[in-house]
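Read through the structure below, which is laid out as structure tokens, and then see the notes.
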RNA sequence: GCCGGAGUGGCGGAACUGGCAGACGCGCCGGACUCAAAAUCCGGUGGGAGCAAUCCCUUGAGGGUUCGAGUCCCUCCUCCGGCACCA
């Protein structure tokens, strides 16, 4: 209990110390009942809307944390939190129906302004895939079918066998007595193998066993053998596939291994056109399946569909089988419903009561929050029983509906749910009678710009988008996308490795702030590389920003002492405007490193050769320094005679585009693309003028005299290039 | 394997729609100040040839398009991040 506040305190202190300016009068703490009361409220809204349901599902189980993990939290077969290998269990769980929103979650990706890589990650994660559902009758039990999802219905005539995931419910029916022992041994072996191993593909031979059962290929009517193999996954599609070894590399490998028939049914157009009869074309397969899509490829060996293009044939096959109820077009998604149930202690209890008489009853809103009880032993046991399920005083409840004896839900919700809506609560934290104040929300949300790590690119963003959409549909929000812009930040690398506690190369801000001060440390971090890519933290580099800030300080002090005003030097005034423009644009695109470089450049000019800048030159500089080195900027701002804070009253300096243009421009002159001189011409000079001036230049002359000028390319104010042939 | 990103001086990194490659900073070299050092200030600093003016080379490798390519196209190599038997 005490751990959380302590770490929050440290983190808060570090943020404040680093001069990071949040509105500290608004904070959210997801573990505080004042917050999770509303997290439970959100659950209730989704429940009432039919977006939350309880269903039995195989779940990833972390034997070390003793809890259920989402597929995403168990990626690579390892627990996201502790790294332990994850196993499988069957439990009854609460799910949010995020899959109802897949098309909208995809469609909005077209207009929200997010980093391209994040958009791609979202799209990949949703994993939309167009194809068809096909049904194969069991040879032995004609009223049962194996349903498969395929993106290649056009290859149906090449389906020479089927493969089910070992966990597939039809396996028992299909398996013949003679094969039963082998099948159950394989199933057992698969279950024992952890997910990580199962999903490892490299250099692994395909394994599987024949069930002894057959299914009917709906196109050819042939009986084809049904196998089980671990390369077919229960949690994608229907958990079963039609295997087309001629046109799928995995099926090809499997068929080769077990001596199953390989029948090519698609061929490049050239081969088909050369033959008289498309239904008897032979396609030689070498060591691999024919999988690459060639333009206009045609079906072969496919009965009445032979000769059609693969695209057309596929549609026709689905349509023709569809008439018999054996096929339909289908869009499949990788995204599953979001399992929010957790059997650990920490987290908001799911506000549901089970009554023998009334069934599943939501906790009335006025009874929220359902408080997490104090328990002695909050580490979950090995039995899969939630911690709260052992706290009798917690789970004994009265049915809100009939008043009879009832039992509370003892699962808590996923912490991803806590973070899926915190930004909605943030502006409204001072209201305790409502989660989201309408006026406040209109004023502050949606989020203009969200900056986060790449690790949030999938889940956190997806879940908060879903919650926002659902609350929008329920009338609580006027917008359906939570973050208008999203930019990822890079990682700071130290000693050639990503920072981590185990490597001991973590940069502790306190240490550096003690040594160099917060402003220097901040400036260095912003300067060391492009913000969106991260960079290499090397302490030696801190000297640059340190000297820079101290020179800024010197310059401003000198300006105040001298007391001169105005813009006596037109070149410097121009540079000032150019710098304002650059810094303004750079901040907008998060290019802090170049913004700082621009300020350094301007400073070098302001004090070149011992020059003392004027107060008017220095004032905008200090304002621009504000976001970079706030403490110093504020101090200098005061030194400049301002009574109130820079951050309350200064306005961002404006640049005057008219001040940026010069009368004369420096024009590079090339001969055959090589720089041979630089000339000065009036802005906007015409080609004739530029040419004349250029040809007068000694360096240019030297290179044009030994040949003929065939051509001159002139880009006004940018460049002049003579093409000379000798 | 797939998706995303990146390869530029000794180092971190600049370079808008193809138009002076190396901004800015670190480091290094030289100078000033100092008894001396540190700090600070001034100047220099991609590589090669030359006394010099000047010339040649140079953005991971190789081809191409173009008057002109770090930037566009093709082939390839390397590194980083993410996903991975997704039917």
_For peptides A:707-713, A:243-249, A:669-675, sequence by mean Cβ density within 10 Å, most packed first_ = A:243-249, A:669-675, A:707-713
*Could you give the length gained on full extension between residue A:257 and residue A:644, defined as 0.36 nm per residue of separation minus the Cα-Cα distance, in nm?*
131.4 nm
_Extension gain (nm, one decimal) between residue A:434 and residue A:510, 0.36 nm per residue minus Cα-Cα_ = 23.5 nm
*asked:* As an exercise, use a Förster radius of 60 Å and the Cβ-Cβ distance of residue A:64 and residue A:283 to find the FRET efficiency, rounded to the nearest 0.05.
replied: 0.70
*Under the classification rounded if a/c is under 1.5, otherwise prolate if a/b is larger than b/c and oblate if not, where does the stretch A:544-659 fall, given a ≥ b ≥ c as square roots of the Cα gyration tensor eigenvalues?*
rounded
*Per residue of chain A, what 222 nm ellipticity follows from adding -39500 (n - 2.57) for every DSSP H run with n ≥ 4, rounded to the nearest 500?*
-10000 deg cm²/dmol
*asked:* Can you compute the modelled spin-label distance between residue A:635 and residue A:473, with each label point 7 Å from Cα toward Cβ, in nm?
replied: 5.6 nm
_If you restrict to DSSP beta bridges whose two residues both lie in chain A, what percentage is antiparallel, to the nearest 5?_
80 percent
*What distance in nm separates the simple spin-label points at residue A:702 and residue A:12, each placed 7 Å from Cα in the Cβ direction?*
7.0 nm
*By count of other Cβ within 10 Å, fewest leading, how are A:320, A:288 ordered?*
A:288, A:320
*On a 0 to 90 degree scale, rounded to 10, what angle separates helix A:630-639 from the longest Cα axis of chain A?*
30 degrees
*Counting other C-beta atoms within 10 Å, which of A:537, A:43, A:548 has the fewest, and how do the rest follow?*
A:537, A:548, A:43
*Please arrange A:465, A:17, A:135 by counting, for each residue, the other beta carbons lying within 10 Å of its beta carbon, fewest first.*
A:17, A:135, A:465
_As I understand it, the value is the acute angle between the Cα axis of helix A:518-527 and the longest principal axis of the Cα atoms of chain A; what does it come to in degrees, rounded to 10?_
70 degrees
*Difference of contour (0.36 nm per residue) and Cα-Cα distance, residue A:558 to residue A:130*: 147.1 nm
*Once you have a ≥ b ≥ c as the square roots of the Cα gyration tensor eigenvalues for chain A, tell me rounded if a/c is under 1.5, and otherwise prolate or oblate according to whether a/b is larger than b/c.*
oblate
*Using a Förster distance of 51 angstrom, determine the FRET efficiency expected from the C-beta separation of residue A:608 and residue A:147, and round it to 0.05.*
0.10
*Which order do peptides A:689-700, A:645-656, A:573-584 fall in by mean Cβ count within 10 Å, highest first?*
A:573-584, A:689-700, A:645-656
*For the Cα atoms of chain A, what angle does the longest principal axis make with the long axis of helix A:687-696, in degrees from 0 to 90, nearest 10?*
60 degrees
_When a/c reaches 1.5 or more, the comparison of a/b and b/c decides; with that in mind, is the stretch A:643-726 rounded, prolate or oblate per its Cα gyration tensor?_
prolate
*Can you pull the one-decimal nm distance between simple spin-label points at residue A:139 and residue A:551, each 7 Å off the Cα toward Cβ?*
8.4 nm
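None of the figures in this text is laboratory data; all of them are computed from the coordinates on show. If you're wondering where the values come from, they're calculated on a predicted model, not measured in any experiment. For neighbour counting, all protein chains shown are included, and Cβ atoms are generated from backbone atoms with ideal geometry for every residue, glycine included.
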